[in-house]
Number of protein chains: 2
Amino acid sequence: MIQTTRYNVQTLTTFVEQLFMKAGADVDVAQVVTRVLLEGELLGHRTHGLNLVSRYIDGMLSGQVKARAQALEQVADSGISSVFDGHYVLGPYCVSRALDCAAAGATKQGIGIAVVRRAAHIGCLAAYLKPYTDQGLLAIVYSSDPSVGLVCAHGGIDPVYTPNPIAAGIPTQGEPILLDVSMSTVTLGLVGQCRDAGRRLPHPVLVSNDGQLSDDPDDFFTRPQGSILPLGGQAFGHKGFALALLVEALTSGLAGHGRKDAPGQWGASATALVIDPRMFGGLEAFIDETSFLGGLVLASRPLDPERPVRLPGQAGLALRRQALEQGVSLSPQLIADLERVAGQLQLPGLFQ
Amino acid sequence: MIQTTRYNVQTLTTFVEQLFMKAGADVDVAQVVTRVLLEGELLGHRTHGLNLVSRYIDGMLSGQVKARAQALEQVADSGISSVFDGHYVLGPYCVSRALDCAAAGATKQGIGIAVVRRAAHIGCLAAYLKPYTDQGLLAIVYSSDPSVGLVCAHGGIDPVYTPNPIAAGIPTQGEPILLDVSMSTVTLGLVGQCRDAGRRLPHPVLVSNDGQLSDDPDDFFTRPQGSILPLGGQAFGHKGFALALLVEALTSGLAGHGRKDAPGQWGASATALVIDPRMFGGLEAFIDETSFLGGLVLASRPLDPERPVRLPGQAGLALRRQALEQGVSLSPQLIADLERVAGQLQLPGLFQ
């Protein structure tokens, strides 16, 4: 068993905010980025939680990643439709601003949309949603990265586009439904984890650069690189492929900045879409319907009696509640990583 | 080989419009419904094309389906967000009105959305999109049917929701990308076709009512009924399941009418979302990006050298061009079906 130490959420928040501020972030940027990364951690997305702090701060210190609020530039605004140029500002700040902007439009006229180009790494999309579902808003985030090609077209060999996740927070009478799913079978993160662990993938969802299906991560990390199959795999991959093209259009297409520009720096195109059910059939009817559907889902007999059917986000929200009550458990590696950054910035560590 | 006869599109249009009008449809309802069904036929969606004419007219004559424009009631309107109660008016008319309404919002402020509850059968979603992509608009349609449960939750046995398609038309420099994909592995239509043909499904994507995976359509048509697996199947079905819940929220949730109301009559909840790229990064940048991406896709080396990689909608649009040039080929069964309806309505047949 790996030894972990539990930390109070407020203590961690203050500590991480100070790291970002000392590294040069504006106060509100530091607060927003800390909140999003900590939320990813609370929801159990360990690869998209506080482990990103050192990566983000390294990016800031190298000058690649910006952390001034004013660097995020709003380049179009119709009242409910906006475009931001992130100029590689810390991604969680860009996406949160886009969501706030879309939510303001939704509250006014039922729907709002904001598109960001050139955001720095945006972390875990599920981590953005709860503040909006808490207000009774339906919030959706799409993202792609036009500087990277990882996933093949249906029936193709070559990597063309990114996993292109769709995330959504859906209010109910109780906890929200929080979904965050890529339009590829698996993500690059999983392929990398399997390679590092010397394991094969659970399914043959890779295509080697000579067109062989494979479950071996070494068939992906080649030159030229291999591909990940779209969601749906060989049989139904036309669906994941089609949805991924839609995500590309909604993000890089609307952003006016994408693969055609051959960006040299890793950076996300992200689109926030927020809808206020009050301007449609009403909030009560909306949450009655989503709760009724959730009830049908949870009442389903499970295929495996040991694994009851769950709603998207349910497991993460349970982890979140536990962490808020009992403190956040961090691995020794993550603590060492955070302490290293604190030392580098001449700040006291977590224990001091 | 099945013998087919080719018909001029204008001849067919006039013939089908007259059938609908004689059966009691308003002129504009007849025109819109005919255009959508014929477009489905042209794009090669034979199960969602002119074969629906007799079903729709039978519904009108039985009184279940309405065909007066004024029966479609707009119950909410924020300028860019609308809700319609279809009161079981012919579905293609309801969805086309919703799309027009959303397109008007998009042209004004960048995005528009319209939700319809209780539309009668809405046919093939791909058939709605081209009029909007022709105007440089990105158009999306979502639908569900709260009166029916066909698909199981990920990890569940019982049928809970419908295949919940997402369709989108994406403008490019040339032909649009037209996608229309369900969030289930397969649709009810395919399961029924396999049963009628005495065939098994190509993949084990059904769950029998006692929880066994199956490729036998007879395991679906049981009492209690079996289920269809979500897109992603056993390995990745949490993704299709999550997206299907999002479609339910965007359709029945926003409509304020859904499974909680236990509707007795088959009827769609449908949501039209239209975006005008001119209000974002610009139309030229948008279609440059979608065309560039399309080019990358089409340049992909194919897994099977006999099957070049294609964009969604490409095959259908080629069929459409051919039909417009050479006439629409209809099967003898479909012609007999249309002639029967014409006779029933005391109208001359196609050959007269």
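What FRET efficiency, computed as 1/(1 + (r/R0)^6) with R0 = 45 Å and r the Cβ-Cβ distance, is obtained for B:Asp28 and A:Trp266, rounded to the nearest 0.05? Let's see the in-between values first.
Details: r = 51 Å, r/R0 = 1.14.
After rounding, the FRET efficiency stands at 0.30.
Considering only A:Leu37, A:Leu129, A:Leu283, give the residue with the highest GNM mean-square fluctuation for chain A, with springs between Cα atoms whenever their separation is below 10 Å.
Maximum fluctuation in the GNM of chain A, among the listed residues, is at A:Leu283.
Give the Cα extents of the range A:180-302 along the principal axes, in whole Å, largest first.
Ordered largest first, the range A:180-302 gives principal extents of 54, 45, 27 Å.
Expressed as cubic angstrom per residue, what is the convex hull volume of the alpha carbon set of the range B:94-173?
On the way: hull volume 8.7 nm³, N = 80.
Convex hull volume per residue, Cα atoms: 109 Å³.
Tell me which lysines have Cα within less than 25 Å of A:Lys22's Cα, excluding those fewer than 8 residues away on the same chain?
Excluding near neighbours in sequence, the set is A:Lys66.
What do you get for trypsin sites (Lys or Arg not before Pro) in the range B:18-86 restricted to DSSP loop and a cutoff of at most 16 other Cβ within 10 Å of the site's Cβ?
Details: sites: B:Lys22, B:Arg35, B:Arg46, B:Arg55, B:Lys66, B:Arg68; in loops: B:Arg68.
Here the trypsin sites (Lys or Arg not before Pro) that fit, given the DSSP loop and packing criteria, are B:Arg68.
Going by amide H atoms built from the backbone, whose H comes under 5 Å of the H on A:Phe221, apart from near neighbours?
The answer is A:Gly226.
In nanometres, what is the gap between the two model label sites at A:Asp100 and A:Arg278, each 7 Å from Cα along Cα-to-Cβ?
Here the answer is 1.9 nm between the modelled labels.
Please provide three numbers in whole Å: the alpha-carbon extents of the range B:236-352 along the principal axes, with the largest listed first.
Cα extents, longest axis first: 54, 47, 36 Å.
Modelling each spin label as a point 7 Å along the Cα-to-Cβ direction, I'd like the B:Gln333/A:Ala299 distance in nm, to one decimal.
3.8 nm
Pull up the cross-link candidates among the lysines for B:Lys239, meaning alpha carbon to alpha carbon under 21 Å and not fewer than 8 places away within one chain.
A:Lys130, A:Lys239
How many angstrom separate the Cα center of the range B:298-321 from the Cα center of the range B:12-78?
The distance from the Cα centre of the range B:298-321 to that of the range B:12-78 comes to 31 Å.
For the range B:36-85, what does the alpha-carbon gyration tensor say about shape, rounded, prolate or oblate, given a ≥ b ≥ c as the root eigenvalues, a/c under 1.5 as rounded, and a/b over b/c as prolate?
Working: a/c = 4.04, a/b = 1.50, b/c = 2.69.
Note, shape of the range B:36-85 comes out oblate.
Take the Cβ-Cβ distance between B:Arg68 and B:Gln212 as r, set R0 to 45 Å, and report the resulting FRET efficiency rounded to the nearest 0.05.
Working: r = 48 Å, r/R0 = 1.06.
Efficiency at R0 = 45 Å is approximately 0.40.
For B:Arg195 paired with A:Thr107, estimate the spin-label separation in nm (one decimal), with each label point 7 Å from Cα along the Cα-to-Cβ line.
The two pseudo-label positions are separated by 5.0 nm.
Write down the Å³ per residue value for the convex hull defined by the alpha carbon atoms of the range B:1-52.
Working: hull volume 4.3 nm³, N = 52.
Cα-based convex hull of the range B:1-52, divided per residue, equals 83 Å³.
In Å², and per residue, what accessible area does the range B:53-99 have when probed at 1.4 Å with the other protein chains present? Before the final figure, lay out each step's value.
Details: 1660 Å² over 47 residues.
Spelled out: the 1.4 Å probe surface of the range B:53-99, per residue, equals 35 Å².
Under 12 Å from a point placed 7 Å out from the Cα of A:Gln234 along the Cα-to-Cβ direction: which residues of the range A:146-160 have their backbone N that close?
A:155
Which percent of the Cα-Cα distances in chain B go past 27 Å?
So the portion of pairs separated by more than 27 Å is 50 percent.
Enter the Cα centre distance for the pair the range A:156-230 and the range B:181-210, rounded to the nearest angstrom.
With the range A:156-230 and the range B:181-210 each reduced to a Cα centre, they are spaced 26 Å.
Give the interface area between chains B and A as buried accessible surface, both sides summed, probe 1.4 Å, in Å² to the nearest 100. Please report the intermediate quantities before stating the final value.
Working: alone 16620 and 16630 Å², together 26340 Å².
That pair of chains buries around 6900 Å² in total.
Amide H to amide H, which residues 5 or more places from A:Lys66 or on other chains are under 5 Å from it, using H placed in the peptide plane?
Excluding prolines and chain starts, which carry no amide H, the hits are A:Val89, A:Leu90.
Give or take rounding to whole Å, what are the principal axis extents of the alpha carbon atoms in the range A:157-229, in descending order?
Taking max minus min along each principal axis of the Cα atoms, the range A:157-229 gives 50, 26, 16 Å.
Amide H of A:Val75 versus every other amide H placed in the peptide plane: which residues, excluding those fewer than 5 positions away on the same chain, fall under 5 Å?
Result for A:Val75 returns A:Val83, A:Phe84, A:Asp85.
State the dimensionless ratio Rg/Rh of the protein assembly as shown (Rg: radius of gyration of Cα atoms; Rh: Kirkwood radius). Write down the numbers at each step before the final one.
Numbers: Rg = 25.6 Å, Rh = 26.1 Å.
Expressed as Rg/Rh, it is 0.98.
For B:Thr5, put the label point 7 Å out on the Cα→Cβ axis and report which residues of the range B:310-352 keep their amide N under 15 Å from it.
The answer is B:327-343, B:348-352.
Can you check how the C-alpha radius of gyration of the range B:13-113 compares to 2.2 N^0.38 Å, as a plain ratio?
Cα-based Rg divided by the globular estimate yields 1.13.
The values are calculated or read from the model by the stated rules, or taken from the named source; none is laboratory data. Here the structure is a predicted model, which is why all the values come from computation and not from measurement. Don't worry about glycine lacking a Cβ; one is built from the backbone with ideal geometry, like all the others, and counts go over all protein chains shown. Each accessible area value is taken on the protein alone, full model and side chains, heavy atoms only, with ligands, DNA and RNA left out. Shrake-Rupley method; radii C 1.70, N 1.55, O 1.52, S 1.80 Å.
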